[in-house]
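Below is one structure, written out as structure tokens, with a few remarks after it.
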Amino acid sequence: MLSDYSPHWPNLFEGEAEVLREAFAPAAIAVEHIGSTSVPGMVAKPIIDIVLGADSLASIEDAIPALNATGYRYVPEYESQLPERRYFVKPGTRPSLFHVHAVVRDDALFREHLAFRDALRGNRQLFGEYLALKRRLALTLSHDRKAYTDAKAPFIRGVLDRLATEA
């Protein structure tokens, strides 16, 4: 389930960011590498998570055909959980290599993804705590992706709440 950090992950992100920018052209979008593959040294599922910030959900939805043409599959099933996000995977069949979380650029979801990533990159103690949590959860939940993700949520929320009170 988890892989050691790969120095190739940032390069994979950069290449895919260009694909996404072209799919949305001429509209300007923000494209950021998030998740554990964006944190040097962190173990991760070998999936490049990307947060894409656009001006509106409508502009994201308008780009679905262009994203499909580049190999992305739109996954609307998760909108009931996160209605402010449009979710895409590439390739469209498992295992996918890229997960795109497309949101409105000025929304909290966009800012929180970046804040958590930056906190892990900048705080070695926090990095170590999250690394230990991920390894511990992988031992018991390696075959249940949803349970693994859900078990990390309180830690992530706690970090985000601390960051919000410090701001």
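Here are some notes:
- Residue that is farthest from Ala23 (Cα to Cα) [pool: residues in region 51-106 that are small (Gly, Ala, Ser) and part of a loop (DSSP other than H, G, I, E, B)]: Ser96
- Failed condition for Asp106, given (1) farther than 23 Å from Leu2 by Cα; (2) surrounded by 13 or more Cβ atoms within 10 Å (Cβ to Cβ): (2)
- Enumeration of residues in region 117-143 that are in contact (Cβ under 8 Å) with a residue 60 or more places away in the chain and either buried (at least 19 other Cβ atoms within 10 Å of the Cβ) or assigned to a helix (DSSP H, G or I) (or both): Arg117, Leu120, Arg121, Phe127, Tyr130, Leu131, Lys134, Arg135, Ala138
- Test for Ile34: is it surrounded by 15 or more Cβ atoms within 10 Å (Cβ to Cβ), under 22 Å from Leu133 (Cα atoms) and in contact with a Lys or Arg (Cβ under 6 Å, 6 or more places away or on another chain): yes
A quick yes/no check of all residues on (1) over 25 Å from Ala138 (Cβ atoms); (2) among the basic types (Lys, Arg); (3) modelled with pLDDT of 95 or more:
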position	(1), (2), (3)
Pro7	no, no, yes
Pro10	no, no, yes
Ala28	yes, no, no
Val31	yes, no, yes
Gly35	no, no, yes
Pro40	no, no, yes
Ser59	yes, no, yes
Tyr72	yes, no, yes
Tyr78	no, no, no
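- Pairs meeting the criteria (first residue in region 8-33 and over 17 Å from Asp49 (Cβ atoms), second residue of a type in the set (S, T, N, Q) and not in a loop (DSSP other than H, G, I, E, B), beta carbons under 8 Å, at least 6 apart or on different chains) are Phe24/Ser59; Ala27/Ser59.
- Residue identified as part of a loop (DSSP other than H, G, I, E, B) and surrounded by 17 or more Cβ atoms within 10 Å (Cβ to Cβ) among Met1, Met42: Met42
- Top-ranked residue in region 80-97 [being in contact with a strand residue (DSSP E or B) (Cβ under 7 Å, 6 or more places away or on another chain) and not hydroxyl-bearing (Ser, Thr, Tyr); ranked as modelled with the lowest pLDDT]: Gly92
The values are calculated or read from the model by the stated rules, or taken from the named source; none is laboratory data. None of these values were measured; they are calculated from a predicted model. With ideal geometry, Cβ positions are generated from the backbone for all residues, glycine too; neighbour counts draw on all protein chains shown.
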